[in-house]
1. As an exercise, use a Förster radius of 25 Å and the Cβ-Cβ distance of LYS248 and LEU158 to find the FRET efficiency, rounded to the nearest 0.05.
2. Which links in LYS170/LYS229; LYS79/LYS136; LYS213/LYS330; LYS162/LYS277; LYS37/LYS197 stretch past 29 Å when you go from one Cα to the other?
3. Convert each backbone phi in the stretch 245-250 into a coupling constant with the Karplus relation 6.51 cos²θ - 1.76 cosθ + 1.60 (shift: θ = phi - 60°), then list the ³J(HN,Hα) values in order as whole Hz, x for Gly and Pro.
4. No solvent, one uniform scatterer per C-alpha: report log10 I(q)/I(0) for the stretch 71-187 via the Debye equation at q = 0.10, 0.12, 0.20, 0.21 1/Å, two decimals.
5. At 7 Å along Cα-to-Cβ for each site, give me the label-to-label distance between GLU228 and GLU111 in nm.
6. Arranged from highest to lowest average of other beta-carbon atoms within 10 Å per residue, in what order do the peptides 159-166, 318-325 appear?
7. Working from Cα positions, state the angle (0 to 90°, nearest 10) between the long axis of helix 62-83 and the longest principal axis of the chain.
8. What is the distance, in nm, between label points placed 7 Å from the Cα along the Cα-to-Cβ direction at GLU275 and at ALA69?
Amino acid sequence: MKTNDIIMKDIENKLSGDLEKDILFVNSQAKTYQNNKEVLRDCKRLLSRLLSEYENNIKSFRPTQCLEADIMKTLDEVKLNLSKKDYSKALGITEDLITDIEYFGTVEENEFNEFLIFDETFEEILYWFLFKPQKKICQTIIPYTNVYLTYGSILIILGKYKEARMEIEKALRWNPVNFEINRAYNDTYRFENNWDKFYQLTLDIFKIAFTPKNLAICFSNLGTFFLEKEKYPAAIACYFLSLKYDDKEYTFIQSQLFYISTITNKVVEKPSWEEMKKLSKEYGFPLYPNEDVLGLAYYNGIKALQENKENPAKYFLSIYFNLTQDEEVKEILENLD
């Protein structure tokens with residue numbers, strides 16, 4: 001009988017150097033030896049190395065693209081079941097999907113490359129600024145973030161907050177600057193009534209909020225924190241700041257303000273700007289978008305403009321304008337159209 005070392009040596013000796021063929025071959029060998037824990041483990045490690053080589057060297061790989069398409073199709077099925085409130089079925093489909101993904105392993109960081117998933121350019125800009133990576137950043141096309149965020153979100157619905165947090169942490173490993181992933185992670189603490197942790201994470205999330213909608217959510221979360229702490233003037237200020245950046249949550253915020261009015265037996269009025277500044281100083285919450293976010297958007301926008309790169313200039317300056325309504329930048333954007 002062959003030893004495990006000999007089995008793995010035979011598998012490695014049969015590698016052709018063609019990544020497409022080799023990955024499919026190792027996949028088949030992993031299935032063949034799925035009852036042999038040691039060989040299965042070593043096949044996963046070998047597959048991870050081959051995938052890493054692919055991510056580093058090949059931009060178009062049919063099996064991986066097919067895998068991505070299959071995953072997204074499965075996630076669409078999960079969303080359909082969530083819309084029907086069939087949480088048990090959605091959970092089962094997602095767990096089966098994760099079992100399949102983790103069976104073959106994921107792309108792993110190596111000596112030269114770090115593998116991440118960014119939904120858009122500014123996320124990558126933020127990652128470089130906040131984490132200052134020392135390795136080459138490679139974008140993997142397999143949507144690990146979507147899978148683990150979906151799984152975590154279902155667990156939140158089911159009230160399994162600790163388990164949800166563990167899964168969402170896996171999504172954060174692939175994209176630590178994505179707003180929705182961080183928001184979902186923070187929600188686990190809100191539902192556990194861990195308000196101090198919720199507050200601190202909300203302040204941290206300001207550092208990656210670069211749309212008015214995301215900024216409004218941050219202020220609304222601060223309002224909820226202060227409401228729970230019975231700091232009603234601060235809660236009112238934060239709720240009105242939320243409406244300043246996005247009024248789509250008007251109904252929710254009005255209900256919160258009505259609740260405060262009922263509790264305090266006072267008519268709730270919008271604080272003056274001077275009152276807001278005083279409350280901001282007293283309770284330590286921001287009044288504006290994060291300065292680094294604004295600086296990065298403006299710098300990259302003007303730099304692209306100077307280099308005659310119209311689309312990047314519009315992209316970055318639009319982020320800045322949407323957060324500030326700056327008239328000078330508005331004029332630049334109008335001239336670019």
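The values are calculated or read from the model by the stated rules, or taken from the named source; none is laboratory data. Since we're looking at a predicted model, the values are computed, not measured. So basically every Cβ, Gly included, is an ideal-geometry build from the backbone, and we count neighbours across all protein chains shown. Ligands, DNA and RNA are excluded from the accessible area calculation, which covers all protein heavy atoms including side chains. Shrake-Rupley method; radii C 1.70, N 1.55, O 1.52, S 1.80 Å.
1. Rounded to the nearest 0.05, the efficiency is 0.40.
2. Numbers: LYS170/LYS229 31 Å; LYS79/LYS136 34 Å; LYS213/LYS330 19 Å; LYS162/LYS277 36 Å; LYS37/LYS197 40 Å.
In this structure, LYS170/LYS229; LYS79/LYS136; LYS162/LYS277; LYS37/LYS197 lie more than 29 Å apart at Cα.
3. Residue by residue, the stretch 245-250 yields 9, 6, 8, 5, 9, 4 Hz.
4. Here log10 of I(q) over I(0) equals -0.31, -0.45, -1.12, -1.20.
5. Reported label-point gap for GLU228 and GLU111 is 4.7 nm.
6. Ranking the peptides 159-166, 318-325 by packing returns 318-325, 159-166.
7. The angle comes out at about 50 degrees.
8. About 5.9 nm separates the two model spin labels.
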